[in-house]
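Report on the following structure.
The values are calculated or read from the model by the stated rules, or taken from the named source; none is laboratory data. Quick caveat: nothing in here was measured; it's all calculated off a predicted structure. Cβ: placed from backbone, ideal geometry, glycine included. Neighbour counts: every protein chain shown. Side chains are part of the model used for accessible areas, which takes the heavy atoms of the whole protein and leaves out ligands, DNA and RNA. Shrake-Rupley method; radii C 1.70, N 1.55, O 1.52, S 1.80 Å.
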Amino acid sequence: MTNRNHHIVIIEPSSVIYEGMFAIMENSDERFNVVRLEKLDEIPAYTLRKAVDIFIVSPVLIQNNLKTFNTIRDSLPQSKWIGIVYSYFDQQQLSVFDETISIYDTPDAIISLICRVVEHHEDDEQGNKERLTEREIEVLKLLTAGNSNKEIADQLNISIHTVISHRKNLSQKTGIKSVSGLTIYAVVKNIITLDNFRE
Amino acid sequence: MVQTKKMYVLPAVKMSELISENPYLMLMLEHFGIDLVVGDKTVRELCTETGISEGLFLSFANLFNGFQPSTTVQYSFADLKPIILFLKNSHLYYLEEKYPQIRKYIAQMFEINEQSAMVMVEKFFDQYFAEVTEHLHYEDQVVFNYVNKLLECAETKQAGNLPDNYSVRVYQEHHDDIEEKIEDLKNLLLKHLPSHNDQQIRRKLLFSLFELEYDLNIHTQIEDTILIPLVEKIEQFISTLHDK
């Protein structure tokens with residue numbers, strides 16, 4: 001594992017289970033930042049501010065909110081999802097997760113599962129780290145020229161949803177979120193010239 | 001909950017020991033208006049001397065040490081005064097010390113590193129600084145004045161002349177994230193902007209950005225987790241006065 005702290009969000013209504021998970025992670029040798037959120041609805045606002053490596057979610061919360069959950073999950077392609085299982089759940093319900101943890105698992109098993117997910121996740125990132133895809137570069141160019149998501153979607157003939165996901169990847173890869181910051185990045189990397197920038 | 005290797009601050013610990021472990025606590029004292037020469041005083045002694053409640057002081061100090069404020073602490077309306085003082089002093093620190101310092105470093109870096117992107121960095125920062133200044137002035141002039149008025153009302157037990165349609169909720173919406181662009185700037189400097197013999201000045205600039213970010217992060221948490229809930233409580237209290 002890298003030395004980076006792994007950012008983990010737990011969404012679990014039971015305090016007993018949350019505190020237990022927290023203690024297990026705290027007592028491990030790995031470095032985790034653990035945050036608890038109450039509801040699925042809080043995820044979008046939270047992820048605007050912080051990139052989350054893993055969400056650990058109680059399937060109970062998804063039961064009647066499958067649609068909301070899928071939308072949120074699809075909007076965060078960089079995050080992994082783990083379910084905490086403590087009673088019988090339908091297999092189909094659990095298939096929305098990348099992995100599941102049972103509350104009867106040993107602490108070691110839980111930590112090693114989390115590490116495996118994180119590592120796997122980093123391998124994914126490693127392959128295309130910093131390297132922008134052609135599509136992302138196109139989005140970046142249009143973005144720095146002052147186009148809105150809608151305008152970019154229209155010009156590239158893709159959905160706004162896809163534009164947003166490209167933008168998320170851009171920010172993840174470059175570490176820069178604001179359009180003005182991305183503009184500087186694009187100039188430094190010769191993706192656009194300063195003349196493009198001066199209207 | 002950010003995990004931390006720092007100690008959890010308790011009333012019996014000496015302030016000087018805490019500062020040796022985490023020098024950022026000097027900023028906390030400064031924002032509270034407490035003299036840095038703390039001698040051998042413990043946290044409890046400092047609280048008694050300055051009239052700041054222990055609960056509040058501990059929450060703030062622990063935030064600096066990386067612990068989320070405990071949800072069981074009950075703050076009183078009287079805590080609002082030191083909170084506002086703290087936030088106002090932080091604003092002065094940002095506006096009069098930290099931002100000008102960062103601006104100066106950027107200009108110095110530009111003298112050494114003349115690539116065209118540096119012009120954009122200057123512009124980026126100036127625009128950002130203008131946004132921040134506006135936000136902080138809004139807090140100073142609108143939000144904090146509003147809180148002071150609420151306090152007056154609560155003390156005199158009379159719902160006096162409060163602005164009709166303002167509540168702390170409006171502020172919550174106004175409350176945009178000013179940390180994001182600092183992060184952008186840090187990443188540009190660390191990952192993307194090629195260096196041209198600017199190592200020293202770049203390092204100073206980065207240190208400065210990290211310091212600012214550290215303080216801003218705590219500032220936001222204080223506003224979100226302590227100030228806003230407390231103001232909502234006092235708003236509720238005053239609305240019950242109305243009903244009587």
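Worth pointing out:
- Residue A:115 contributes an accessible area of around 20 Å² to the protein surface, as traced by a 1.4 Å probe with all chains present.
- Low-density loop cleavage sites - chymotrypsin sites (Phe, Trp or Tyr not before Pro) in the stretch A:43-106, where at most 13 other Cβ are within 10 Å (DSSP): A:88, A:104
- Calculated [222 nm] ellipticity per residue, helices only, for the protein assembly as shown: -17500 deg cm²/dmol; basis is -39500 (n - 2.57) per DSSP H run with n ≥ 4, divided by all residues, nearest 500.
- The listed residues A:95, B:70, once ranked by accessible area (1.4 Å probe) with the largest placed first, stand as A:95, B:70.
- Area accessible to solvent at residue B:88, 1.4 Å probe radius, in Å²: 80 Å²
- Restricting the calculation to Cα atoms, the stretch A:134-197 shows an Rg/Rh of 0.93 when the hydrodynamic-style radius is the Kirkwood one.
- Shown here for the stretch A:160-199: trypsin sites (Lys or Arg not before Pro) in loop regions (DSSP other than H, G, I, E, B) with at most 10 other Cβ atoms within 10 Å, namely A:198.
- Taking every alpha-carbon pair in the stretch A:41-199 and binning the separations at 5 Å intervals from zero gives 2, 8, 15, 16, 17, 14, 10, 8, 5, 4, 1, 1, 0 percent.
- Rg/Rg_ref, the stretch A:1-123, where Rg_ref = 2.2 N^0.38 Å and atoms are Cα: 0.98
- GNM on chain B, alpha-carbon springs under 10 angstrom: the most fluctuating residue among B:36, B:87, B:136 is B:36.
- Per-residue mean of foreign Cβ neighbours for A:96-106 is 0 (Cβ atoms of other chains, 10 Å radius).
- Share antiparallel - DSSP beta bridges, chain A, percent rounded to 5: 0 percent
- Legend: residues A:31, B:169, sorted from most to least accessible area (1.4 Å probe; ligands, DNA and RNA excluded), read B:169, A:31.
- GNM remark for chain B: springs join alpha carbons under 10 Å apart, and the peak mean-square fluctuation among B:154, B:130, B:107 falls on B:130.
- Using the Cβ of residue B:41 as centre and a radius below 12 Å, the other residues enclosed give a net charge of -3, where K and R count +1 and D and E count -1.
- Of A:39/A:168; A:173/B:6; A:177/B:233, pairs whose Cα-Cα distance is over 25 Å: A:173/B:6; A:177/B:233
- Angle in degrees between helix A:160-174 and the longest Cα principal axis of chain A, rounded to the nearest 10: 90 degrees
- Protein-only accessible surface at a 1.4 angstrom probe places the residues B:233, B:191 in the order B:191, B:233, largest first.
- For the protein assembly as shown, share of DSSP beta bridges that run antiparallel, in % to the nearest 5: 5 percent
- Rounded to whole Å, the principal axis extents of the Cα atoms in the stretch B:8-102 read 37, 31, 25, largest first.
- Computed accessible area, residue B:196, all protein chains, 1.4 angstrom probe, square angstrom: 90 Å²
- Cα gyration tensor shape of chain B, rounded if a/c is under 1.5, else prolate or oblate by comparing a/b with b/c: oblate
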